[in-house]
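To keep things clear, I will list the structure first and then write my remarks on it.
The values are calculated or read from the model by the stated rules, or taken from the named source; none is laboratory data. None of the values given here were measured: they were computed from a predicted structure. With ideal geometry, Cβ positions are generated from the backbone for all residues, glycine too; neighbour counts draw on all protein chains shown.
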Amino acid sequence: MSENLSPDPTVEAPVCPRHPDRVSYVRCQRCGRPACPDCQRPAAVGIQCVDCVRDAARGTRSVRTRFGGVVHPGARPVGTLAIIALCVVAYVAQWTIDGFTDRWYYTPIDGHEEPWRFLTAAFLHSPSSFFHILLNMVALWAVGPYLEVQLGRVRYVTLYLMSAVGGSCVVLATAALGWSDWRGGVVGASGAIFGLFGATFVVMWRSGHPAQGILGIIGVNMVFSFLVPGISWQGHLGGLVTGALLAAAYAFAPAARRRLVAVVAPVLLAVLLLVVVQWAYGTAPEWVQLYWQATADEQRAIWNYWLGGG
């Protein structure tokens with residue numbers, strides 16, 4: 001006795017609902033619909049379609065770190081990569097666009113009239129030294145992705161930017177105290193990176209993980225900051241303190257108030273930095289105040305005089 005195994009021409013062949021031109025006899029174990037090879041996803045038992053996998057993911061509770069960062073296995077550190085990309089683009093612009101560095105680098109005397117320099121200098125590097133940007137980007141890649149996961153992307157980027165501004169504010173404060181020159185130029189991401197170092201220490205300590213390694217890195221780099229000429233120890237110190245303070249607010253915030261702290265803490269820190277800036281500019285010597293009163297052309301002439309050794 002034989003059996004006819006050929007398909008019944010009166011029965012429609014099952015097709016993938018997402019690709020109606022494709023016949024598929026494989027069905028999703030969850031919804032029972034046909035799924036073509038492009039729409040099949042391996043499951044614990046059998047195959048599921050992409051729609052069921054997506055719906056299941058929406059219903060799954062997000063896995064978060066102790067500090068509120070959402071864990072996405074295999075996700076790229078977009079915040080860190082974006083910062084590196086901005087620094088690289090700015091470095092190329094420094095080489096290819098006349099006057100680009102002069103327009104965006106930071107000096108205490110110019111920050112009064114052009115406050116964006118407090119931040120933009122953190123994306124510039126010394127055009128005469130490729131190792132300046134190389135070492136900073138390596139350091140950023142070493143600690144950035146870890147913090148981005150632990151804190152979450154928004155808080156991580158906020159901490160980075162606040163650390164950069166904090167470093168510039170301490171450069172200004174030391175000029176007001178007479179410890180550095182009001183005309184001293186500063187470029188580099190190292191102030192912000194020191195903020196990440198300080199934040200990494202706080203996060204590791206709060207987590208109960210050994211933090212001696214990051215403490216050693218901070219200590220060695222701070223010693224170099226003080227001993228090697230041409231390095232802004234003020235920017236490093238300011239970034240370190242700013243980053244550590246903001247990270248402490250994030251790390252010790254109660255889980256129920258984590259979002260509130262993520263907004264309030266940077267605002268309070270920004271107010272504190274603004275107070276430092278107002279105080280420092282309020283104590284500026286007379287020759288600095290006269291420079292601020294000069295026209296743009298007069299200021300350029302004054303700078304050319306200073307650069308000429310006057």
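Before moving on, here are some points about what is shown:
- Odd one out for Gly178, checked against (1) more than 18 Å from Pro266 (Cβ to Cβ); (2) part of a helix (DSSP H, G or I); (3) over 11 Å from the mean Cα position of the chain (by Cα): (2)
- Residue check, Gly195 touching a helix residue (DSSP H, G or I) at 6+ places or on another chain (Cβ under 6 Å), buried (at least 24 other Cβ atoms within 10 Å of the Cβ) and in contact (Cβ under 8 Å) with a residue 60 or more places away in the chain: no
- Per this entry, Asp51 is counted among residues that are of a type in the set (D, E, K, R) and either surrounded by 16 or more Cβ atoms within 10 Å (Cβ to Cβ) or at pLDDT 90 or above (or both).
- Remark: Val78 falls outside the filter, which requires a residue to be at pLDDT below 85 and under 27 Å from Val261 (Cα atoms).
- Only a single criterion out of (1) surrounded by 10 or more Cβ atoms within 10 Å (Cβ to Cβ); (2) closer than 21 Å to Pro115 by Cβ; (3) out of contact with any His (no Cβ under 7 Å at 6 or more places or on another chain); (4) of a type outside the set (D, E, K, R) is not satisfied by Gln293, namely (1).
- Considering (1) surrounded by fewer than 19 Cβ atoms within 10 Å (Cβ to Cβ); (2) touching a helix residue (DSSP H, G or I) at 6+ places or on another chain (Cβ under 6 Å); (3) assigned by TED's automatic domain parsing to the domain that holds Leu161, the lone condition that Ile97 does not fulfil carries the number (2).
- Within the stretch 209-310, helices (runs of 4 or more DSSP H) holding 1 or more residues that are over 24 Å from Ser190 (Cβ atoms) and assigned by TED's automatic domain parsing to the domain that holds Val149: 258-282, 286-293
- Yes/no for Gly188 being among the small types (Gly, Ala, Ser), farther than 26 Å from Val88 by Cα and in a loop (DSSP other than H, G, I, E, B): no
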